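This report concerns only the one structure given below.
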């Protein structure tokens, strides 16, 4: 496996990194273990103060970080800037809330004193993806570090420049050496790190296949894991929906990050009464997206991150078309430089098609017509994934009732699926387990201890 980034717009190399040898990996593990006791003993207020400084550094270097993101994985620059700003918001959130979230909780029992204490596990290994190369890292590492753990981060092979910049920002913010370290590893080098006794937990954001492998390896070593995997979120449009709002949100929910987001809406399930109006408006709005240089202000749809990912997406589209689906928009592989794929909509997607059974990780939407809300709910839940989903209706009580029946980690009424520092985020079924963000994310990698004094 080559650790290098290729600009998906120019197809030119951006940066590369040599995989670490066994001695370098051992040195990183030894350093992490050596500094772990002192870091765990550091008062949480001091750890939170460093986190606030990290947020400041992210904002100071916002433009530079955003350009790295865009050059390495291709999303539009404005979206990369928003990603970095969201990272700073997360730092600010945990800097303010972590001391209270980690405070001892008194429990009334027969003891003279009994309480719950939240103490760090040790060292957390994070295995991170390329599609949100700053946000996904900051999302796992800030609660892990602020809870008193040290952490090792193995980033995706195609974003080495982002990985280096993140580590630089931690140093600049004043974090002690060894508390956060980047490991440049090939995939086969990861298992020994997971199995090493100096690593106490593992978190992964990535594909279903990668999650299964890592979960098996960590499980064999009896180590805690949190997995945030793929998603095929349902976007249910009912007959009483505000269609203008639904269409506007549908375009953003499907095509932001060039369609390469786990929580993107991918299956647009629309009741017959409004299906014709929605499909025409959705097609027209998506057709206005402008492919081009992701650094340009006028571009609204950048290239996909890698050539092989584009090829896999097109194979899924061709499978659906060969089995009876129709191309409402796009669905053709463009020629020329850059890993572009046009905004595309498949209509008539049915069971047995790859577009029905698999995640479409690119700018392709599946449009599915249903008769009523009960069929919409059945279709939404007939899927191996369960990350998020949304329901569009003018009746908030109706929306809430159906949201509670969606088989997913999160459900949104008249809003697109999103992650928010204040609320827990994660999935069920093949979308993984465990939670990030909020108080629940902060407590995923702690030893929740009962202290009882007779």
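Would you point out which residue out of 111, 36 is touching a residue at least 12 places away in the same chain (Cβ under 8 Å) and surrounded by 20 or more Cβ atoms within 10 Å (Cβ to Cβ)? Walk me through it before giving the result.
Values: 111 fails: surrounded by 20 or more Cβ atoms within 10 Å (Cβ to Cβ).
Among 111, 36, only 36 is touching a residue at least 12 places away in the same chain (Cβ under 8 Å) and surrounded by 20 or more Cβ atoms within 10 Å (Cβ to Cβ).
Here is a list: 143, 192. Which entry is surrounded by fewer than 20 Cβ atoms within 10 Å (Cβ to Cβ), at pLDDT 95 or above, touching a helix residue (DSSP H, G or I) at 6+ places or on another chain (Cβ under 9 Å) and outside any loop (DSSP other than H, G, I, E, B)?
On the way: 143 fails: surrounded by fewer than 20 Cβ atoms within 10 Å (Cβ to Cβ).
The unique qualifying residue is 192.
Being on the phi > 0 side of the Ramachandran plot, at pLDDT 95 or above, outside the structural domain of residue 286 (by TED's automatic domain parsing) and crowded, with 22+ Cβ neighbours inside 10 Å is true for just one of 437, 442. Which residue is that?
Values: 442 fails: on the phi > 0 side of the Ramachandran plot.
437 is the lone residue from the list that is on the phi > 0 side of the Ramachandran plot, at pLDDT 95 or above, outside the structural domain of residue 286 (by TED's automatic domain parsing) and crowded, with 22+ Cβ neighbours inside 10 Å.
Give the residues of region 224-240 that are over 22 Å from the mean Cα position of the chain (by Cα) and surrounded by fewer than 24 Cβ atoms within 10 Å (Cβ to Cβ), sorted by residue number. Talk me through it step by step, then tell me what you get.
Keep residues of region 224-240 that are over 22 Å from the mean Cα position of the chain (by Cα), which gives 237-240.
Listed by number, the residues that qualify are 238, 239, 240.
How many residues does region 195-240 contain that are assigned to a loop (DSSP other than H, G, I, E, B), over 28 Å from residue 316 (Cβ atoms) and touching a strand residue (DSSP E or B) at 6+ places or on another chain (Cβ under 7 Å)?
Of the residues in that region, 5 qualify.
Within region 297-319, how many residues are touching a residue at least 40 places away in the same chain (Cβ under 8 Å) and over 24 Å from the mean Cα position of the chain (by Cα)?
Of the residues in region 297-319, 1 are touching a residue at least 40 places away in the same chain (Cβ under 8 Å) and over 24 Å from the mean Cα position of the chain (by Cα).
Here's the yes/no breakdown for (1) surrounded by 20 or more Cβ atoms within 10 Å (Cβ to Cβ); (2) in a loop (DSSP other than H, G, I, E, B); (3) on the phi > 0 side of the Ramachandran plot:
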site	(1), (2), (3)
365	yes, no, no
375	no, no, no
378	no, no, no
397	no, no, no
402	yes, no, no
405	no, yes, no
419	yes, yes, no
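Is it the case that residue 116 is part of a helix (DSSP H, G or I) and within 18 Å of residue 44 (Cα to Cα)?
Judged against the criteria, residue 116 is not a match.
In region 421-454, which residue that is out of contact with any helix residue (DSSP H, G or I) (no Cβ under 8 Å at 6 or more places or on another chain) and part of a helix (DSSP H, G or I) is nearest to residue 89 (Cα to Cα)?
Looking at residues that are out of contact with any helix residue (DSSP H, G or I) (no Cβ under 8 Å at 6 or more places or on another chain) and part of a helix (DSSP H, G or I), I get 438.
Would you call residue 49 part of a helix (DSSP H, G or I), touching a residue at least 12 places away in the same chain (Cβ under 8 Å) and closer than 30 Å to residue 290 by Cα?
Working: part of a helix (DSSP H, G or I): yes; touching a residue at least 12 places away in the same chain (Cβ under 8 Å): yes; closer than 30 Å to residue 290 by Cα: no.
No: the conditions fail for residue 49.
Out of the residues in region 266-295 that are more than 23 Å from residue 333 (Cβ to Cβ) and touching a helix residue (DSSP H, G or I) at 6+ places or on another chain (Cβ under 9 Å), which is surrounded by the fewest Cβ atoms within 10 Å (Cβ to Cβ)?
Among those that are more than 23 Å from residue 333 (Cβ to Cβ) and touching a helix residue (DSSP H, G or I) at 6+ places or on another chain (Cβ under 9 Å), it is 277.
The values are calculated or read from the model by the stated rules, or taken from the named source; none is laboratory data. From a predicted model like this one, the values you see are computed outputs, not experimental measurements. Because the Cβ atoms are built from the backbone with ideal geometry, glycine has one as well, and the counts that use them run over all protein chains shown.
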